[in-house]
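Coordinate-derived values only; no laboratory data. Because the structure is predicted, anything quoted here is derived from the model rather than measured. Cβ placement follows ideal geometry from the backbone for every residue including glycine, while neighbour counts extend to all protein chains displayed.
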Amino acid sequence: MITADDLSLRPPVEDDAQLVAELMDVPISTERPAQIVRLWREHWDERGYGTWIIEDPAGRRLGFVGLRSHSDFIRVTIRVIEGEGGDDLATRALRVVVSHALEWLPDLPLRIRLAPEDVATREVAEAAGMTYAPDLDHAVDGDEWQVLELPYVRIADRVPPRAREAMLKMWGEVNDAGGAVGFVPGASQEDVAEVLDGYVARLAEGRTVCVALNSPLGELLGFGFVARSTGMTVAHTANLERIMTDTARRGTNHGALLMAGMHRAAREMGVELVTLDYRGGTGLGEFYTRYGYTEVGRIPGGVRVAPGDDRDGVIMARSL
Ligand SMILES: CC(C)(COP(=O)(O)OP(=O)(O)OC[C@H]1O[C@@H](n2cnc3c(N)ncnc32)[C@H](O)[C@@H]1OP(=O)(O)O)[C@@H](O)C(=O)NCCC(=O)NCCS
């Protein structure tokens with residue numbers, strides 16, 4: 001079960017055949033809706049994941065987000081009951097499911113396919129962070145299909161020169177846009193490079209990893225670091241640092257996907273508890289609360305953004 005804001009997602013039960021009949025415009029009296037639900041349930045039994053049924057807080061069924069394993073990718077589908085706000089609902093549900101997939105499912109490309117004229121589904125997929133992959137265009141029985149793919153996460157213990165350049169560029173742009181990643185607007189490239197290279201050196205020591213979110217074409221969309229604590233008594237904890245996404249693509253779920261990737265990376269390191277800190281007055285507490293964090297400490301005036309502009313340093317934590 002996944003819960004988010006005003007919707008929840010759960011695996012299918014037999015009784016969902018009614019919803020399938022409605023969504024596919026097939027009479028419930030036919031065998032097809034029940035058969036579809038049976039296949040969904042078999043997929044869950046075999047793979048441990050599959051189609052999610054979308055419900056509102058009153059338990060009303062609103063649609064589904066399908067996840068189906070193929071040989072070298074996972075196909076995602078989305079269908080919601082027609083009505084006002086349908087696209088908004090589809091976007092919210094898809095955002096939650098693709099983030100969950102990036103955090104928990106086998107490390108395979110996640111793809112959605114759609115007819116070129118299906119602009120509504122394309123917008124829903126793009127709002128969930130997926131991007132068009134033109135090389136995957138194909139036809140089946142004369143029908144044209146386009147494919148959008150979810151960004152992928154790269155968990156790295158080294159930063160190749162070209163990646164370093166892209167990270168440095170993004171970090172500078174994020175600073176200039178007022179992002180709270182250790183600097184203020186106008187910070188020099190040398191100052192940022194020094195901090196970045198400090199991280200690169202720590203990667204080599206083995207307790208810190210770099211988590212990068214990349215588009216299917218390999219462009220950098222965001223990054224951050226998972227820094228494991230040193231010392232025997234705190235080795236099960238880590239701090240998430242310098243979380244940032246491309247300023248040009250904000251609001252397209254990349255922050256959520258990056259957080260999913262960072263949690264995945266931390267778990268792979270054996271981490272059970274994560275902390276992070278943010279600059280007060282940025283609204284970031286709300287952002288992190290969505291991903292399960294709770295405020296655990298606050299240092300009044302602990303961050304000096306400019307003379308006369310002191311902000312609280314806020315610490316948040318969650319267990320993984
Ligand atoms: C924080 C950050 C990583 C989020 O990335 P993003 O690409 O905007 O993420 P998403 O598209 O997943 O955004 C998800 C939601 O978070 C909200 N959000 C993003 N930044 C927010 C902020 N500073 N305060 C409050 N809400 C914020 C968005 O409005 C969006 O809400 P919606 O879904 O209701 O529209 C990005 O804004 C960033 O890089 N900020 C600058 C660097 C920074 O300050 N990092 C934090 C270091 S502690």
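At a glance:
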read-out	value
Förster-model FRET efficiency, 51 Å R0, residue 197 and residue 145, C-beta, rounded to 0.05	0.70
Overall form of the stretch 124-263 per C-alpha gyration tensor (a/c, 1.5; a/b vs b/c)	prolate
Dipole axis of the stretch 127-246 (+1 Lys, Arg; -1 Asp, Glu on Cβ), positive-most option in 186, 237, 133	237
For the stretch 240-314 and the stretch 3-48, distance of Cα centres in Å	37
Debye, to nearest 20: dipole size of the chain, +1 on Lys, Arg Cβ, -1 on Asp, Glu Cβ	1040
Approximate shape of the stretch 222-301 as ellipsoid semi-axes (Cα gyration tensor, √5λ), whole Å, largest first	22, 17, 10
Scaled radius of gyration (Cα, divided by 2.2 N^0.38 Å) that the chain gives	1.09
Sequence-separation-based contact order of the chain, relative, with Cα cut under 8 Å and 6+ spacing, percent	11
Candidates 156, 306, 260, ranked by Gaussian network fluctuation over the chain, Cα under 10 Å, top entry	306
Two-site label geometry, residue 87 and residue 39: point separation in nm, points 7 Å out along Cα→Cβ	2.9
For q = 0.15, 0.22 Å⁻¹, Debye-computed log10 I/I(0) when each Cα of the stretch 2-150 counts as one equal scatterer	-0.79, -1.59
Cα long-axis angle, helix 161-176 against the chain (0 to 90 degrees, to the nearest 10)	80
